[in-house]
Amino acid sequence: MAAKNKYYLFASILTLLFTFVAILQSFETVSVLGLTTEILWIPIWIAVVVLPLLNVYEIVVHPYDMNRYSWIGLMLNIVTILFVLRYFKLELLP
């Protein structure tokens, strides 16, 4: 179980780094489902949706275990979500 938490933490760190790279660099654009975006944003969007759910699942299923890796990963996912929202100029509240 601890190895799974470390993998999720590594994936969260990697997603955050990919987000910084995608913000600072420009890549080839593709059209997916009518949305034109750069190629690097597709795995970032998938990771931004899936990784917080996996970290929350690990925290909820194992509440009495030491799951600080899941908590750190979840915090990094929240930071990544905020950067993505700011980059695409999406507003959560009107």
(message) If I ask for residues that are open to solvent by 70 Å² or more (accessible area, probe 1.4 Å) and either touching a strand residue (DSSP E or B) at 6+ places or on another chain (Cβ under 9 Å) or not in a loop (DSSP other than H, G, I, E, B) (or both), which ones from the range 57-87 would you list?
(response) Y57, V60, R68, Y69, W71, I72, M75, I78, L82, F83, R86, Y87
(message) Considering only the range 34-47, I want to know if a residue exists there that is in contact with an Asp or Glu (Cβ under 6 Å, 6 or more places away or on another chain) and small (G, A, S).
(response) no
(request) Tell me which residues, restricted to the range 1-42, are open to solvent by 70 Å² or more (accessible area, probe 1.4 Å), of a type in the set (V, I, T) and modelled with pLDDT of 85 or more. (result) I13, T29, I39
(request) For T37, indicate whether it is of a type in the set (S, T, Y) and in a helix (DSSP H, G or I). (result) no
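The values are calculated or read from the model by the stated rules, or taken from the named source; none is laboratory data. Owing to the predicted nature of the structure, the values given are computational and were not obtained by experimental measurement. Cβ: placed from backbone, ideal geometry, glycine included. Neighbour counts: every protein chain shown. Note: accessible area is taken over every heavy atom of the protein model, side chains too, but ligands, DNA and RNA are not part of it. Shrake-Rupley method; radii C 1.70, N 1.55, O 1.52, S 1.80 Å.
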